[in-house]
Ligand SMILES: *Cc1c(COP(=O)(O)O)cnc(C)c1O
C-alpha cells in the first residue's frame, strides 16, 4: 500500500484560482468600473440581469446581495400568489416544507419570512423526496421549497403535481443549480420564484457574495425589485418596507463576463463527473452520484460531487494524509440535526443515516483528470484489505 502524500496536494476548492485564473481580465474590469464610479445599481447590473434571464429562458432576473436574501425576497414577493394571505405578509404558523439536506440558509429564509420551516427526508439521489413532502402536508402548509442540490434538479413533475393538488406555492432554492435542467427546463424556472447564489465556490462565482432572484411573473418581479432596494419602485416611490440587498455593480460586471464562458464550465464539470465514474465505478464501498449521461430527464451541472462512503470518517482522514481535501456537507449535519434551531423534533432516520456516509470530493473547473486518477487511486488504496459490514453498493 502506498502511504506517501501526493507530490502536489489537491485542495477541496482552490479559492485563489477564482481570481488568479482570470487576473488580467478581472483587473481590467475593476479599472473600468472604478473609473466610471459605477458602484451601485449601474448598467453592469442591468446587463447581467438581462443576460442571466436569457440564459435561463425566464422573464426576470434581479441581482441581490446573496442567495439567502434572495430566498427570503422570493418568498415574500411570491407569498401573495398563494392567494391565502395579505400581500407580503405571512400568517403566523404557516408551514413551508423543505429537504433537511440543504444549507441552513434555506430554512433561515423560511424563518425570517415569518413561516415555520418543516424539514423532510431526501431520496436516493439526495434531493427532496416527493413522497415525504406529501406526507408532511398539514392544513397549515402554504409552500414547498425544494433545494436543487449539487447541480441537479428535483423531480419537478411530482412536486408541481403536489403543489397543484394542494394549492401550494412552489419556490426553488436553485443556489447550486445554475443551468441544471429537468426535462429541458432550467432549475429555478418551475416555481413562482427562485434564488441562485454567486458565492465564490458556487458554479458561477464572483469575488465575494452575490445572488439573484428569478421569476417568470412580472408582479413578483416588481415586488422583489422593490424589496431588494428599500421598497422603492422603478419611479423611486416607496411601495412598502424593503431591505438593502443589492448585487454590487462590480460583482455584476465580473459575473456578466463569466456568464459568457459558463457553458464551457458546465461541460468541464460534466466531463469530470464522468471521469470520477470511470475511475470509481468498481469500488463497492462507495455510491456515486448519477452520471452525466443515461437519464434523459436530468441534465446535471455538478456543483458538488457527493458520494456515500462506508467508513467515511476514516476515509476522509486517509485522503487528508495523502493531501486530498474533502468536505462534509453543511459541516456534517442536516438542518434538523442542529440543536439550536429547534427542529430536532423532526424524525428523519433516512437523512440521519445518510449523514453518516456522505462526503464531498473535489469538483471544480480547475481540477485535472490526473488529479481524479490520484483521488480514485487513494480511495482504492484505502478500501484494499479493509472490510466494512453493513450496506454495500446500491445505484442511485
Ligand atoms: C450556497 C447556498 C445557499 C446560500 O447562498 P448565499 O449566496 O451564500 O447566501 C442557499 N442554499 C443552498 C443550497 C446553497 O448551497
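The numbers here are math on the coordinates, done by the rules we state, and not lab data. In this text, all values refer to a predicted model and were calculated from it rather than measured experimentally. A quick note on method: Cβ atoms are made from the backbone with ideal geometry, for glycine too, and the neighbour counts reach across all protein chains shown.
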Requested in this report: For each of 277, 386, count neighbouring Cβ atoms within 10 Å of the residue's Cβ, then give the residues from fewest to most.
Outcome: 386, 277
Requested in this report: Take the Cα radius of gyration of region 198-331 and divide it by 2.2 N^0.38 Å, with N its residue count; two decimals is plenty.
Outcome: 1.45
Query raised in the report: When N is the residue count of region 142-218, what does its C-alpha Rg come to as a fraction of 2.2 N^0.38 Å?
Result: 1.09
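Report relative contact order for region 262-383 in percent, whole number only (criteria: Cα-Cα under 8 Å, sequence separation at least 6). Don't skip to the end; give the middle numbers.
Values: 130 pairs, mean separation 43.2, N = 122.
After rounding, I find 35 percent.
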Query - In degrees, nearest ten, helix 249-259 long axis to first principal axis of the chain (Cα) - result: 50 degrees
**Report entry** Degrees separating the helix 218-227 axis from the principal Cα axis of the chain, which is the longest one
**Finding:** 90 degrees
Report summary line: Of all DSSP beta bridges with both partners in region 19-259, the antiparallel percent, nearest 5, is 55 percent
Report summary line: The FRET efficiency for residue 235 and residue 35, from their Cβ-Cβ distance with R0 = 30 Å and rounded to 0.05, is 0.50
**Report entry** Cβ crowding within 10 Å averaged over residues, with 231-241, 174-184, 336-346 ranked highest first
**Finding:** 174-184, 336-346, 231-241
Query - Value of relative contact order over the chain, rounded to a whole percent, pairs C-alpha under 8 Å and six or more apart - result: 21 percent
Requested in this report: Give the span of region 230-282's Cα atoms along each principal axis, as three whole-Å numbers ordered largest to smallest.
Outcome: 61, 24, 14
Query raised in the report: Which angle from 0 to 90°, rounded to the nearest 10, does the C-alpha axis of helix 262-280 make with the longest principal axis of the chain?
Result: 30 degrees
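What translational D, rounded to a whole number of µm²/s, comes out for region 262-383 from Stokes-Einstein when the hydrodynamic radius is the Kirkwood one over Cα pairs, at 37 °C and 0.692 mPa s? All intermediate terms of the calculation are to be shown ahead of the outcome.
Values: Rh = 15.6 Å.
Answer, rounded: 210 µm²/s.
Contour minus end-to-end for residue 185 and residue 282, with contour as 0.36 nm per residue of separation and end-to-end as the Cα-Cα distance? List each step's numbers first, then the result.
Numbers: separation 97, 0.36 × 97 = 34.92 nm, distance 3.28 nm.
Additional length available on full extension: 31.6 nm.
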Query raised in the report: How many angstrom lie between the C-alpha centres of region 262-300 and region 45-82?
Result: 29 Å
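How large is the Rg to Rh ratio of region 110-152 when both quantities use alpha carbon positions and Rh follows Kirkwood?
Details: Rg = 11.2 Å, Rh = 11.4 Å.
So for region 110-152, dividing Rg by the Kirkwood Rh gives 0.98.
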Query raised in the report: Considering the alpha-carbon set of the chain alone, what are its Rg and its Dmax in angstrom?
Result: 21.3, 70
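Could you please rank 111, 126, 228, placing first whichever residue has the fewest other Cβ atoms within 10 Å of its Cβ? Don't jump to the answer; show the numbers that get you there.
On the way: 111 17, 126 24, 228 27.
Arranged by neighbour count, lowest to highest, 111, 126, 228 become 111, 126, 228.
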